[in-house]
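What follows is one structure encoded as C-alpha cells, with my remarks underneath.
The values are calculated or read from the model by the stated rules, or taken from the named source; none is laboratory data. Computed from a predicted structure; not experimentally measured. Cβ: placed from backbone, ideal geometry, glycine included. Neighbour counts: every protein chain shown.
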Amino acid sequence: MVEWIAEHGLASQALLIKDWNSFGIESSTQEEIDEIEAPTAKLFKLYTKAEFLEQAFKREMLGYPVANARDILEDRHLQDRDFWQDVDEARFGIPVKLPGLFARFSEAVPSGLVTAPDIGQHNREIYEGEIGLSKEELARLVEEKIV
C-alpha cells in the first residue's frame, strides 16, 4: 500500500521507513494512525470505486470498495451471471428486481422467486397452524388489537 501511495508522491518519510513487519495497530498512537490514514484517504480520492478495485486486483492486495445499493445492482459480475431477476409483483404494478441464487449448480433448478410477505400475511398459518390457537382465540386477539 505504501508503494502505491508513494507512486503518487503522497508518502511521508515516516511511512517509507516504517517497519511494517513489527507494526501493530493495537499499540499505535493516534498520531501514527493519522499519519497512515491521511495519505491513504488522498490516494483513494484519486480513484473511482471501479478503478480502486482494478488496482487492488492488479497489485494482489486485499481491498474492496464500500458498495451502495446502486453499485450492487450495477455490478458487472452479478449482471454477467443474471443474478438479478425481474419478478412481476401485482402489489406494486411493476416488475421488482430480486436477488437470485448466490451460487449456481449444474444439477440445481432454481425455484420461483417471490417478494417478501406483507405484514400479517401469514398470521393465520402461524397462530393456528404453528402455535395451535383456535379460530375463535385468534379472532379474539384480532378484536382486542393484540394481533
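For segment 1-29, the set of residues classified as surrounded by 15 or more Cβ atoms within 10 Å (Cβ to Cβ) and in contact with an Asp or Glu (Cβ under 9 Å, 6 or more places away or on another chain) consists of Ala11, Ser12, Leu15, Lys18, listed by residue number.
Yes/no matrix, rows are residues, columns are (1) more than 17 Å from Ile5 (Cβ to Cβ); (2) loosely packed, with under 11 Cβ neighbours inside 10 Å; (3) assigned by TED's automatic domain parsing to the domain that holds Leu101; (4) of a type in the set (S, T, N, Q):
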site	(1), (2), (3), (4)
Glu31	yes, yes, no, no
Glu35	no, no, no, no
Ala41	no, yes, no, no
Phe44	no, no, no, no
Ala50	yes, no, no, no
Leu73	yes, no, yes, no
Arg76	yes, yes, yes, no
Asp80	yes, yes, yes, no
